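The values are calculated or read from the model by the stated rules, or taken from the named source; none is laboratory data. What you see is a predicted model; the values in this text were computed from it and never measured. Cβ placement follows ideal geometry from the backbone for every residue including glycine, while neighbour counts extend to all protein chains displayed.
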């Protein structure tokens, strides 16, 4: 007979070895589940009990999500760079990178000045677009994706 500590932190049991095997098959317990054998004071992981290891090995491991690569995280580099160069005064490159506040500032400055200050915002976008395109993927991700650097 065995007792276990459930995921809610409460003890359950005593249960028979057959019941424990059924719980393993139903994924109610796993190799890390703490188990106490009847007559013992010690709690051990279920995986340390030889009578249950074959059933635990039959349970497929959880599927891990694929690791994100630098290239996939830098996928916005080229669109942001081109939009910065061509449409810098509208701040579209900022929206592409997820910098909504900075994009709105550039857009509103251009619109509210009837395009007069658009020369300045376009120059900013042009410089930023060139900077984006000149950086390596790793440096782009480190600076603009992870570092969240909004300006220059």
Selection count, the stretch 7-42, where residues are touching a residue at least 12 places away in the same chain (Cβ under 8 Å) and in a loop (DSSP other than H, G, I, E, B): 8
Sort out for me the helices (runs of 4 or more DSSP H) sitting completely within the stretch 61-146 that have 2 or more residues that are over 30 Å from residue 32 (Cβ atoms) and at pLDDT 95 or above. 77-87, 92-96, 100-112, 118-134
Count of residues meeting criterion [more than 39 Å from the chain's Cα centre (by Cα) and either closer than 9 Å to residue 89 by Cα or not assigned by TED's automatic domain parsing to the domain that holds residue 129 (or both)] in the stretch 103-117: 1
